[in-house]
Amino acid sequence: MPTAKEIQQIFAPYYHADINIWEAFSKKISVRQFLKNEIVKDYNDIERYLNIVVSGSVALFVWNGKKDICINLLYENSFMSDYLSFLKQAPSGIKTAALEDCTLWSISYPDLNELYARNETGLRIGKAVSDILFLRKQQEQINLLTLTPDERYLGLIKQRPEIFQRTPLKIIASYLGLTAESLSRLRKRLAAK
């Protein structure tokens, strides 16, 4: 079980709260571990947890009728959930899979709502988590719709250079909205400049 101090450090960039608040959160968190390529949440299942990626990496996928399309890549200290399914407590068409062996700190939907109901600080923390997930996803959608493939690729290198050592290129290509072949050509062309 994570300590209150460890939880406080992860939330620190987003929300500052007294250590006693994080103590209550730490008591509700379960540690879940997944092996590389293991399914964390399958298509058409209900997301039961809001997670923090402590180590390793995970990806969220949708199925387009022919193949998995990567819609999110998450690494250490990232909040991770099929948030639509989590909020509605209903199935969704999103699958989450471990890209590497990973450890998640997970809090269940009922436990999180119990913490929210305890006091106003709990609600503020919930809002902070919701804001984090929304802002990240909104920026990714804007980038996908307004940036060229070259700009998306270069932005990914600048923001998260480790991604290329830790994630298969076909998944990175899917995340960038490209085919693996297109990404390979793009990388060669940019390397030649």
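Given the conditions (1) open to solvent by less than 60 Å² (accessible area, probe 1.4 Å); (2) touching a helix residue (DSSP H, G or I) at 6+ places or on another chain (Cβ under 8 Å); (3) without any contact (Cβ under 8 Å) to a residue 60 or more places away in the chain, which single one is not true for residue 58?
(2)
Condition test on residue 123, is it more than 15 Å from residue 51 (Cβ to Cβ), surrounded by fewer than 16 Cβ atoms within 10 Å (Cβ to Cβ) and of a type outside the set (Phe, Trp, Tyr)?
Values: more than 15 Å from residue 51 (Cβ to Cβ): yes; surrounded by fewer than 16 Cβ atoms within 10 Å (Cβ to Cβ): yes; of a type outside the set (Phe, Trp, Tyr): yes.
In short, yes.
Do you know which of the residues in the stretch 126-155 that are out of contact with any Lys or Arg (no Cβ under 8 Å at 6 or more places or on another chain) and hydroxyl-bearing (Ser, Thr, Tyr) is most open to solvent (accessible area, probe 1.4 Å)? Spell out how you get there, then give the answer.
The initial filter retains those residues of the stretch 126-155 that are out of contact with any Lys or Arg (no Cβ under 8 Å at 6 or more places or on another chain), namely 126-142, 145-152, 154-155.
Cutting the leftovers down to hydroxyl-bearing (Ser, Thr, Tyr) gives us 130, 146, 148.
On the way: 130: 43, 146: 94, 148: 67 Å².
Among residues in the stretch 126-155 that are out of contact with any Lys or Arg (no Cβ under 8 Å at 6 or more places or on another chain) and hydroxyl-bearing (Ser, Thr, Tyr), the one most open to solvent (accessible area, probe 1.4 Å) is 146.
Please report, ordered by residue number, the helices (runs of 4 or more DSSP H) entirely within the stretch 133-193 with at least 3 residues that are out of contact with any His (no Cβ under 9 Å at 6 or more places or on another chain), of a type outside the set (A, V, I, L, M) and over 24 Å from residue 83 (Cβ atoms). Outline the logic, then answer.
On the way: elements: 149-159, 163-166, 169-176, 180-192.
Filter on the stretch 133-193 gives 149-159, 180-192.
All but one of (1) aromatic (Phe, Trp, Tyr); (2) in a loop (DSSP other than H, G, I, E, B); (3) touching an Asp or Glu at 6+ places or on another chain (Cβ under 7 Å) hold for residue 15; state the number of the condition that does not hold.
(3)
Can you name the condition, by its number, that residue 186 falls short on among (1) touching a Cys at 6+ places or on another chain (Cβ under 9 Å); (2) farther than 18 Å from residue 100 by Cα?
It fails just one condition, (1).
Scan the stretch 46-55 and give yes if some residue there is of a type in the set (Val, Ile, Thr), modelled with pLDDT of 90 or more and part of a loop (DSSP other than H, G, I, E, B), otherwise no.
First, the residues of the stretch 46-55 that are of a type in the set (Val, Ile, Thr): 46, 52-54.
When the remaining residues are screened for being modelled with pLDDT of 90 or more, the result is 46, 52-54.
In the following step, the residues that additionally are part of a loop (DSSP other than H, G, I, E, B) were identified as 46.
Yes, because at least one residue in the stretch 46-55 is of a type in the set (Val, Ile, Thr), modelled with pLDDT of 90 or more and part of a loop (DSSP other than H, G, I, E, B).
From the residues in the stretch 1-30 that are of a type in the set (A, V, I, L, M) and open to solvent by 40 Å² or more (accessible area, probe 1.4 Å), which one is farthest from residue 121 (Cα to Cα)? I'd like the intermediate steps shown before the answer.
Filtering the stretch 1-30 down to residues of a type in the set (A, V, I, L, M) leaves 1, 4, 7, 10, 12, 17, 19, 21, 24, 29.
In the following step, the residues that additionally are open to solvent by 40 Å² or more (accessible area, probe 1.4 Å) were identified as 1, 19.
Values: 1: 22, 19: 12 Å.
My answer is 1.
So for the stretch 103-110 (the condition being in a helix (DSSP H, G or I), under 14 Å from residue 49 (Cβ atoms), touching a residue at least 24 places away in the same chain (Cβ under 8 Å) and open to solvent by less than 60 Å² (accessible area, probe 1.4 Å)), does at least one residue qualify?
If we filter the stretch 103-110 for residues that are in a helix (DSSP H, G or I), which is where we start, we get 109-110.
Subsequent filtering for residues that are under 14 Å from residue 49 (Cβ atoms) retains 109-110.
Filter once more, so that each one left must be touching a residue at least 24 places away in the same chain (Cβ under 8 Å): 109.
This time we only want the ones that are open to solvent by less than 60 Å² (accessible area, probe 1.4 Å), so: none.
Within the stretch 103-110, none of the residues are in a helix (DSSP H, G or I), under 14 Å from residue 49 (Cβ atoms), touching a residue at least 24 places away in the same chain (Cβ under 8 Å) and open to solvent by less than 60 Å² (accessible area, probe 1.4 Å).
The values are calculated or read from the model by the stated rules, or taken from the named source; none is laboratory data. Just so it is clear, the structure is predicted and the values come from calculations on it, not from any experiment. Cβ: placed from backbone, ideal geometry, glycine included. Neighbour counts: every protein chain shown. When the accessible area is computed, the model is the full protein with side chains, heavy atoms only, and any ligands, DNA or RNA have been set aside. Shrake-Rupley method; radii C 1.70, N 1.55, O 1.52, S 1.80 Å.
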